[in-house]
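Report on the following structure.
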């Protein structure tokens, strides 16, 4: 069985995270992804952390072919335009105006390929007062409001993941797939656009709805209280979480698990609205209880009473977990230099058109000769038909 996008060609003119993540997702779905890189150093992510291709780059660039082109030179730009004429999708994440100035903007490319789906990713959008600002993950998280519900503004801490970058890549892929489906009906490609700002705000739809209804901007604590979620430490210092959500049975299971049935009769905790109002008092009461025994013991009791709970895992614990191992979420590829390298399996499974890791992340320019030779064959074939 072939992938859902088998036969599709994607040209990725992108670096770091947003565009490469979208390109990798399309590649996992079966598309041929041609990654255009600067000849001397390639995608700057190649040099992060250690010399040579490192885990940052490897995590975002499987299922791709690397073609080295100097886009500062007209010959390189002309080759890119020729490749785009054979493509179904182009993904780029340069600052607004750069692609147009170098001759590979949407209007330049669709002139020779009316079926092209062109995805432009930026920091803050292609127009408006912030158009020309540099856009990076942290600024995207902060400007979109995403960071305001992930940390406490009085004592801000930055999250340990490039969340805005990855979200934007997911939304870019979502837009591309929608445009490809529309093309099946209309025969025409289109421009797809997203940004760190747009993706971050869209992801906050629930929080925005709260704000629109109340006029009060939600904070990190707002969702913690309303969803009745908790984080505790066992006596061994190991963290775990509990999510009581809406059903009363979960709170009843909790008080049974901790051997404190009187908490269910306490007016402060008797109903869900009361527990939301007195969330901090419930945290205080439960923290003292959970500090009396190790995490594993509490989790065993909580699960025995069907209380939604889980260890707050490190990645070492994640990949040792029996359910993660059962799902096979850790996989491996063979890199031409590094040998066997481990990776995370794609997040979805398609029964009829399975996702597959076909290619290891490429060496810089590894496929230049192969792709350009194929391009010449395609062009000769097109000329012969004419």
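Against the main long axis of the alpha-carbon atoms of the chain, helix 295-304 sits at an angle near 80°. Packing, as the average of other Cβ atoms within 10 Å across residues, places the peptides 133-141, 33-41 in the order 33-41, 133-141, highest first. The angle between the Cα long axis of helix 163-186 and the main principal axis of the chain comes to about 50°, on a 0 to 90 degree scale. Listed values (i) 29; (ii) 35; (iii) 19 include one computed from this model; for percent of Cα pairs over 40 Å apart that value carries the label (i). For the chain, the relative contact order comes to 19 percent (Cα pairs under 8 Å, sequence separation of at least 6). With both labels modelled 7 Å from their Cα along Cα-to-Cβ, the residue 72 to residue 182 distance reads 3.7 nm. Between residue 271 and residue 220, the simple label model (points 7 Å from Cα in the Cβ direction) yields a spacing of 3.1 nm.
Only helical runs count toward this figure. For the chain, summing -39,500 (n - 2.57) over DSSP H runs of n ≥ 4 and dividing by all residues gives -12000 deg cm²/dmol at 222 nm. Compute the long axis of helix 368-385 from its Cα atoms, compare it with the longest principal axis of the Cα atoms of the chain, and write down the angle in degrees, 0 to 90, nearest 10. The angle comes out near 60 degrees. Would you mind checking segment 104-120 for residues with the amide N under 15 Å from a putative spin-label position 7 Å along Cα→C-beta of residue 382? Residues passing the 15 Å test: 108-117.
If R0 is 22 Å, the Cβ-Cβ spacing of residue 131 and residue 111 corresponds to a FRET efficiency of close to 0.35. Using 1/(1 + (r/R0)^6) with R0 = 30 angstrom and r between the beta carbons of residue 370 and residue 100, what's the FRET efficiency to the nearest 0.05? In this case the efficiency is close to 0.55. Listed by Cβ neighbour count within 10 Å, with the fewest neighbours leading, 73, 165 appear as 73, 165.
Only the coordinates and a few stated rules stand behind these numbers; no lab work does. Since this is a predicted model, take the numbers as computed values, not measurements. Note that each Cβ is placed from the backbone with ideal geometry, even for glycine, and that neighbours are counted across all protein chains shown.
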